[in-house]
Amino acid sequence: MSWLQALVLGLVQGLTEFLPISSSAHLRITSTLFFNNDAGASFTAVIQLGTEVAVLIYFAKDIGRFISAWFRGLFNAEARKEKDYKLAWYVIIGSVPISVLGYLLKDEIRTSARNLWITATMLVVFGLLLGLADQLAKHQRDELRMKDAIGMGLAQALALIPGVSRSGGTLTAGLFLGLTREAAARYSFLLAIPAVFGAGLFSIPDVLERTGEGVQASIPQMIVATLISFVVGYATIAWLLKYVSKHSYSAFVWYRLMLGLVLMGLLSMGLLQPI
């Protein structure tokens, strides 16, 4: 991997991780279109650690409250009534589907699932679903329930397929379940922490041993790309929370549809190869 590619992919990761447009799809497309290679699922998983550190820092106070409430609730029945205790469990429960499926399907995720035809199709299909959820949902609730944790957790698992978008899938599910845009976005950020950290740490050996799929990045390139994704990702969190409090997701829906259709066109004309 060239230094230019590492820098560009770090920037792309930071910009797209929290937007409902699929960071894995953008990394895959950017690598193929501009660098004529695939950076691979392991590279993608590791540089996502940078954006998740951004979540940890941005929501540090909230996360500290959740952890404290969770430990209190383990030994105190009265503490189990606290909202923070319940939310901590919702994050844990919502992380189960993607953890289990990610482990069971790890080989497919790194190979056949990265076909660009699949990516293009998922961009369009889940863009339409996000648009429907944004327009038809009631957006009434700010407080999460168990059904929200399960539904959004299952939706997050679909993001193992590039093009679905982890944030897009969870936001779509949250909106259909009746959550406000901001409540769905905040839970989506928190729900990502266990899953993305797990995937990133699990993929580090592949990167260090330089035996994983895709073009190989050096350790300094990996570190710099991860740092860039952290800085840009932190700014993106603040912007998105402010944006969704006042706007719909329609701009992201139209972007997904156009990107998916353009990608299909490039593949049909043979200007891009699906694998």
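Points to keep in mind about this one:
Yes/no per residue for (1) outside any helix (DSSP H, G or I); (2) closer than 21 Å to PRO20 by Cβ; (3) open to solvent by 30 Å² or more (accessible area, probe 1.4 Å); (4) of a type in the set (D, E, K, R):
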| position | (1), (2), (3), (4) |
| --- | --- |
| ASP148 | no, yes, no, yes |
| GLN156 | no, yes, no, no |
| ALA159 | no, yes, no, no |
| ILE204 | no, no, yes, no |
| ALA225 | no, no, no, no |
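- Residues (of a type in the set (Ser, Thr, Tyr) and open to solvent by 40 Å² or more (accessible area, probe 1.4 Å)) located in the stretch 227-275: TYR234, TYR243, SER245, SER250, TYR255, SER268
- Residue count for the stretch 161-182, restricted to those that are assigned to a helix (DSSP H, G or I) and of a type in the set (Ser, Thr, Tyr): 3
- The residues listed here are LYS61, LYS86; of these, the one that is in a helix (DSSP H, G or I) and loosely packed, with under 15 Cβ neighbours inside 10 Å is LYS61.
- Look at the stretch 226-239: where a residue is more than 8 Å from GLY10 (Cα to Cα) and a partner is of a type in the set (Val, Ile, Thr), sitting 6+ places away or on another chain with Cβ atoms under 6 Å, you get PHE230/VAL53; GLY233/THR51.
- Residue, modelled with the lowest pLDDT, within the stretch 89-136, restricted to residues that are more than 22 Å from PHE176 (Cα to Cα), buried (at least 21 other Cβ atoms within 10 Å of the Cβ) and more than 16 Å from the chain's Cα centre (by Cα): LEU116
- Scan of the stretch 122-181 for residues that are under 24 Å from ASP84 (Cα atoms) and of a type in the set (Val, Ile, Thr), ordered by number: ILE150, THR170, THR172, THR180
- Residue list for the stretch 13-32, filter: β-branched (Val, Ile, Thr), part of a helix (DSSP H, G or I) and buried (at least 23 other Cβ atoms within 10 Å of the Cβ): THR16, ILE29
- Residue that is farthest from GLY270 (Cα to Cα) [pool: residues in the stretch 46-75 that are touching a residue at least 60 places away in the same chain (Cβ under 8 Å) and among the small types (Gly, Ala, Ser)]: ALA54
- Filter result for ALA199 (open to solvent by less than 10 Å² (accessible area, probe 1.4 Å) and at pLDDT below 85): no
- Lone qualifier among PHE43, PHE34 - being more than 23 Å from ILE204 (Cβ to Cβ), among the aromatic types (Phe, Trp, Tyr) and in contact (Cβ under 8 Å) with a residue 24 or more places away in the chain: PHE34
- Among residues of the stretch 103-131 that are under 24 Å from SER268 (Cβ atoms), those with a beta-carbon under 6 Å from a residue that is of a type in the set (S, T, N, Q) and crowded, with 19+ Cβ neighbours inside 10 Å at least six positions away or on a different chain give the pairs LEU129/THR172.
The values are calculated or read from the model by the stated rules, or taken from the named source; none is laboratory data. Here the structure is a predicted model, which means the values were calculated and not measured. Cβ sites come from the backbone with ideal geometry, for glycine too, and all protein chains shown count toward neighbours. What goes into the accessible areas is simple: the full protein's heavy atoms, side chains included, and nothing from ligands, DNA or RNA. Shrake-Rupley method; radii C 1.70, N 1.55, O 1.52, S 1.80 Å.
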